[in-house]
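Input: a single structure, listed below in structure tokens.
The values are calculated or read from the model by the stated rules, or taken from the named source; none is laboratory data. What you see is a predicted model; the values in this text were computed from it and never measured. Cβ: placed from backbone, ideal geometry, glycine included. Neighbour counts: every protein chain shown.
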Amino acid sequence: MPAGITFAVIPTAPFATKLARMAHQHGHQVIIHMPMEPLQHQNGSLDLLTDDMTAAEMQQQLSAALVATPYATGLNNHMGSRFTVSNAALARFLPLLREQELFVLDSRTNPSSQFGLMAATQAIPSLSRDVFLDNVRKPEAITQQLEKLLAVARKKGKAVGIGHPYAETAAALQQFLKQHNENIEELVVPLSQILFN
């Protein structure tokens, strides 16, 4: 995979620290893929940020996530369709990210998400996902989403795609990049390059 691909690591995953270190060693940017409360929350599924947590409880979760994912420079939401629409919860959480100098990527798991918008109002560098690549886990469908991502990037000057570490996604991405081999370094860049350039 090109070094420009950013790796989002779930901090509670069994090999989170090892994966974050490996990604960094191979030149990839690392961000925290922070579990956040979805609308359909099943208790005990993950250690989630919930909209009823205090700032101190959120700080505890964030501190543990930072330890588990070394080299993280930003954070995006894993799930979070409930948490990211709660202005009150975000008002408690976002100052913690600003203190750690982490940027925000809003995965937009809920079209009404306020995560990226509220981050921007608090002077936290932020951006939002444009295209999910692999909601349909078939190479041809993923290739269509990659083409859509490229079209958005050509129109807007930049675009953010999010995909999972599925074999189908990796295969479709490798084939897509092979077709655009001469432009890989322009097509695939770390999130921070989009944010700060």
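From the list Ser113, Ser63, Ser81, the lone residue that is of a type outside the set (Lys, Arg) and under 27 Å from Lys155 (Cα atoms) is Ser113. Number of residues in segment 134-150 that are of a type outside the set (A, V, I, L, M) and part of a helix (DSSP H, G or I): the value is 7.
Sort out for me the helices (runs of 4 or more DSSP H) sitting completely within segment 1-119 that have 2 or more residues that are farther than 30 Å from Gln174 by Cβ and in contact with a strand residue (DSSP E or B) (Cβ under 9 Å, 6 or more places away or on another chain). Filter on segment 1-119 gives 55-68, 87-100.
Under the condition of being outside any helix (DSSP H, G or I) and in contact with a Ser or Thr (Cβ under 7 Å, 6 or more places away or on another chain), the residues counted in segment 120-133 number 2.
Close contacts from segment 163-177, counting a first residue that is touching a residue at least 60 places away in the same chain (Cβ under 8 Å) and outside the structural domain of His78 (by TED's automatic domain parsing) and a second that is surrounded by 13 or more Cβ atoms within 10 Å (Cβ to Cβ) and not polar (S, T, N, Q), with Cβ to Cβ under 6 Å and a gap of 6+ residues or different chains, come to Leu177/Ile184.
Looking at segment 151-197, which of the residues that are outside any loop (DSSP other than H, G, I, E, B) and either of a type in the set (Ser, Thr, Tyr) or on the phi > 0 side of the Ramachandran plot (or both) is surrounded by the fewest Cβ atoms within 10 Å (Cβ to Cβ)? If you could, list the steps in order and put the result at the bottom.
Narrowing segment 151-197 to residues outside any loop (DSSP other than H, G, I, E, B): 151-156, 161-162, 167-179, 181-187, 191-196.
Filter once more, so that each one left must be either of a type in the set (Ser, Thr, Tyr) or on the phi > 0 side of the Ramachandran plot (or both): 169, 192.
Details: Thr169: 18, Ser192: 16.
For segment 151-197, the residue satisfying everything is Ser192.
Filtering segment 129-159 to residues that are among the small types (Gly, Ala, Ser) and under 17 Å from Thr169 (Cβ atoms) leaves Ala141, Ala159.
Residue-wise test of (1) over 13 Å from Ala89 (Cβ atoms); (2) surrounded by fewer than 18 Cβ atoms within 10 Å (Cβ to Cβ); (3) not hydrophobic (A, V, I, L, M, F, W, C).
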position	(1), (2), (3)
Pro14	yes, yes, yes
Ala20	yes, no, no
His26	yes, yes, yes
Ile32	yes, no, no
Pro35	yes, no, yes
Asp51	no, no, yes
Thr69	yes, no, yes
